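Some notes on the structure that comes next.
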Amino acid sequence: MKKIISILIASLITLTITAQDFHLSQYESAEMYLNPALAGQNLSKGKDYRASSVYRSQWGSVSSKAYSTSYLAYDQKFKERWGLGVNLINNQAGASGFRTFNFMLAGSYNIMSNSNNKHILTTGLQLGLMNKSIQTDDLTFDEQYSSSTGGFNETASNGENFQTNSLYKFDVNWGIFYKFNPRGKNYHPYTGLSVSHISLPGQNFTQKNEVMPLQWKFNLGTKWEINDNFGVTPGILYMYQKSATEIIIKSNVVYHLNNKDYDIRSNLGYRIKDALIVGFGMRYKDIIGSISYDYNTSYLNNYTGGNGGFEISISYQGAFKPNRTVPSLY
């Protein structure tokens, strides 16, 4: 059964080649993937730059090779209102060898910056390259199925007309982000909207004319400092791409220890009709690490035994000059 499910998943990806973008449970740790308007803008007070990474692994229980996503990024403030960033994303789809790699440069601008920063409105643009590649040697296709043997004949023709096994396409993303940031208040609501693949890059290895569909992301939430020790950030993320939707309801909690160099973090969320998300982490000075796990709650639970995916994220923030104050978006 595991082999059948693995073949089914690989077939859905490699034959249609119109699959949606990957997802992350710790989406707030991949700021420029969430929204280009956050490039160099979502920094803690007194910080000028950030390096961050996220790694996700899933489907290991039903595939001979787990599906993995790797995110690596760097962003920083540039002058007073501008932000710059670069990120790399590698998405590997199990044993099929289907791989998507993105290299994106981002620029953002703070439209409503003022002396008290009560209203923060930023917009951002990403430009870069997307590479899609596939290895067909280890795949089987419906044309290779033999009804007489009840199995696949891998030496038979697969009936597919692959023109290439690697594509390079120009990609464009755009976003806008707003935060209400009143002084002396313990709440800071925010909302953001972004759209990916504005250039509609082609994505077919065959003669079919298919483009990467637009992906829309809308998120909202609020940072709420309950007291000097506790802070909570409830939020929701809605994603839409070619009639496929995904909704994540999530809350992150921070507990500040007496030693100001440390704090403890936890998060609890639910991806509607898919998975329960549980995670924890810690901050040490300017380094934040977090790990989370998705427990599958969909019909696939019958095949995965509840096993979902795990993620780990690490970020570091630093300053070029000491004692410089920078508004924090989260």
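The values are calculated or read from the model by the stated rules, or taken from the named source; none is laboratory data. In this text the structure is predicted, and so the values were computed from the model without any measurement. Quick reminder, even Gly has a Cβ in these numbers, built from the backbone with ideal geometry, and neighbours come from all protein chains shown.
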* Structure fact -> Within the range 157-194, the count of residues that are touching a residue at least 40 places away in the same chain (Cβ under 8 Å) and part of a loop (DSSP other than H, G, I, E, B) comes to 10
* To do: For residue 298, indicate whether it is small (Gly, Ala, Ser), surrounded by fewer than 17 Cβ atoms within 10 Å (Cβ to Cβ), closer than 21 Å to residue 68 by Cα and in contact with a strand residue (DSSP E or B) (Cβ under 8 Å, 6 or more places away or on another chain).
  => yes
* Asked: Of all residues in the range 19-59, how many are part of a loop (DSSP other than H, G, I, E, B) and of a type outside the set (A, V, I, L, M)?
  -> 16
* Structure fact -> Sole miss for residue 72 among (1) on the phi < 0 side of the Ramachandran plot; (2) surrounded by fewer than 18 Cβ atoms within 10 Å (Cβ to Cβ); (3) at pLDDT below 95 is condition (3)
* Asked: Inside the range 39-48, can you point out the residues that are out of contact with any Ser or Thr (no Cβ under 7 Å at 6 or more places or on another chain) and crowded, with 19+ Cβ neighbours inside 10 Å?
  -> 42, 47
* To do: Name the residue, out of 189, 201, that is modelled with pLDDT of 90 or more and either more than 20 Å from the chain's Cα centre (by Cα) or among the polar types (S, T, N, Q) (or both).
  => 189
* Asked: Between residues in the range 116-128 that are more than 24 Å from residue 173 (Cα to Cα) and charged (D, E, K, R) and residues that are in a strand (DSSP E or B) and modelled with pLDDT under 95, which pairs lie under 9 Å by C-beta distance while being six or more apart or on different chains?
  -> 118/180
* Asked: Does at least one position in the range 217-237 carry a residue that is among the hydroxyl-bearing types (Ser, Thr, Tyr), in contact with a Ser or Thr (Cβ under 8 Å, 6 or more places away or on another chain) and surrounded by fewer than 16 Cβ atoms within 10 Å (Cβ to Cβ)?
  -> no
